[in-house]
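One structure is given here, and the rest of the page talks about it.
Just so you know, all these numbers are worked out from the coordinates, no wet-lab data involved. In this text, all values refer to a predicted model and were calculated from it rather than measured experimentally. Because the Cβ atoms are built from the backbone with ideal geometry, glycine has one as well, and the counts that use them run over all protein chains shown.
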There are 2 protein chains.
Amino acid sequence: MKEIEKTLENKSVRPTAMRILIYKYMAEKEIAVALTDIENAFAKADRTTLYRTLKTFEEKGIVHQIDDGTNISKYALCEPGCNCEIEQDLHLHFHCNNCDETVCLTEHKIPQVNLPDGYVAEDANLVIKGICEKCSGQ
Amino acid sequence: MKEIEKTLENKSVRPTAMRILIYKYMAEKEIAVALTDIENAFAKADRTTLYRTLKTFEEKGIVHQIDDGTNISKYALCEPGCNCEIEQDLHLHFHCNNCDETVCLTEHKIPQVNLPDGYVAEDANLVIKGICEKCSGQ
DNA sequence: GCAATAAATGCACTTCCGTTGCACGGTTTA
DNA sequence: TAAACCGTGCAACGGAAGTGCATTTATTGC
């Protein structure tokens, strides 16, 4: 538990009770979570607090935002090797069409793409949709 | 003009005046358009009509929907070689961070990605963000 | 051509998510 | 201790997607 506090402090985020809970929740989940997910998990917490906490986490490089094509912003904790705050975050995400969950495939990087002349790439987002490990195994 | 009518009829879509106008509008634009764009272009048309027209076009394989990460659904006409109604549409899209426009790079296909065991890919979406041809040239 | 049917359109409304303004309260700092 | 700052909670706004129903327009069968 103290580890979470340290992690937050290292990222210049004051470790309040709420923030620690949210961090813990996201650490336990292995999938990307939406604001609504956290809201449901902490019924007593206010939406705005969660919203701003995620924004703070994102700015400080604690989580990264994921656009998985559902038009609902999701977030996942940055892995130790995640450089999304410095460079573009180039790992890809997988969205399961069955269970509707989204996971980071941090070890899978987005392949380099040759763009036409005049186009300058700054960021990339690759989402693979299909059936995830859990759902295909059943 | 008659060509558009034929195109729609070939796709089993009745060529009404509104639909022809929308098709023409999208054909003249070289970028992906949002519902709001069409709404602004045809002030007298109703939102619902445009919305349902796009849905119909999508079902019939006339346009494909694009998720460019702006959380606003955009649409672009399918090219002759576009197989998005049969298989997954594997070309990538480019979103300009400067002019906020999104274009199809139909000749650029999404590279094959090796997924971990148990994951089955059904669809893929790759969006490159950066500066487009028009904006970088200035 | 006319009535019956089906399709397309228009209007009103709802819902969901993201976002912001403002006020309160606790914590830190001078 | 007072002042400043930051986190939190409440309320409300706004954009976009989506739905139900009435009305108009087009198609079909007689």
Out of A:97, A:114, A:125, a Gaussian network model of chain A with alpha-carbon springs under 10 Å gives the largest mean-square fluctuation to A:114
Per residue of A:107-119, how many C-beta atoms from partner chains lie within 10 Å of its own C-beta, taken as a mean?
5
How far apart, in nm, are two points set 7 Å out from the Cα along the Cα-to-Cβ line at residue B:59 and at residue B:121?
3.0
Using a cut-off of 14 Å between beta-carbons, work out the net charge of the residues near residue B:17 (Lys and Arg +1, Asp and Glu -1, residue B:17 not included).
+3
So for the range A:2-136, what are the equivalent ellipsoid semi-axes in whole Å, largest first, each being the square root of 5 times an eigenvalue of the Cα gyration tensor?
27, 19, 13
Quick check for me: using +1 on Lys/Arg Cβ and -1 on Asp/Glu Cβ, what's the dipole size of the range B:1-126 about its Cα centre, in debye to the nearest 20?
700
Choice from B:16, B:102, B:53 showing the highest fluctuation, given a GNM over chain B with Cα pairs closer than 10 Å
B:16
List, in order, the whole-Hz ³J(HN,Hα) value for each residue of the range B:124-134 obtained from phi through the Karplus relation with A = 6.51, B = -1.76, C = 1.60 and θ = phi - 60°; use x for Gly and Pro.
8, 9, 10, 10, 9, 10, x, 10, 7, 3, 4
Counting alpha carbon pairs within less than 8 Å and at least 6 residues apart, what relative contact order, in whole percent, applies to chain B?
19
Whichever lysines have a C-alpha closer than 28 Å to that of residue B:2, once near sequence neighbours (fewer than 8 apart) are set aside:
B:11, B:24, B:29, B:44, B:55, B:60, B:74
If amide H atoms are modeled at 1.01 Å from N in the peptide plane, then the residues at a separation of 5 or more from residue A:75, or on another chain, having amide H under 5 Å from its own are A:33, A:34, A:66
Please report the relative contact order for the range B:11-83, taking Cα pairs under 8 Å with a sequence separation of at least 6, and give it as a percent rounded to a whole number.
32
Among A:44, A:24, A:11, determine the one that fluctuates most according to a GNM of chain A built with springs between C-alpha atoms less than 10 Å apart.
A:44
Roughly what would the spin-label model give for residue B:16 and residue B:40, points 7 Å off Cα along C-beta, in nm?
2.5
How large is ³J(HN,Hα) for each residue in the range B:5-22, as worked out from phi by the Karplus curve 6.51 cos²θ - 1.76 cosθ + 1.60 (θ = phi - 60°), to whole Hz, x for Gly and Pro?
4, 5, 4, 5, 5, 4, 9, 6, 10, 5, x, 7, 4, 4, 5, 5, 4, 5
Per-residue HN-Hα couplings for the range A:48-59 [Karplus 6.51, -1.76, 1.60; θ = phi - 60°; Hz; x = Gly/Pro]
4, 4, 5, 4, 6, 4, 5, 4, 4, 4, 5, 4
Based on the Cα coordinates of the protein assembly as shown, what is the per residue volume of their convex hull in Å³?
171
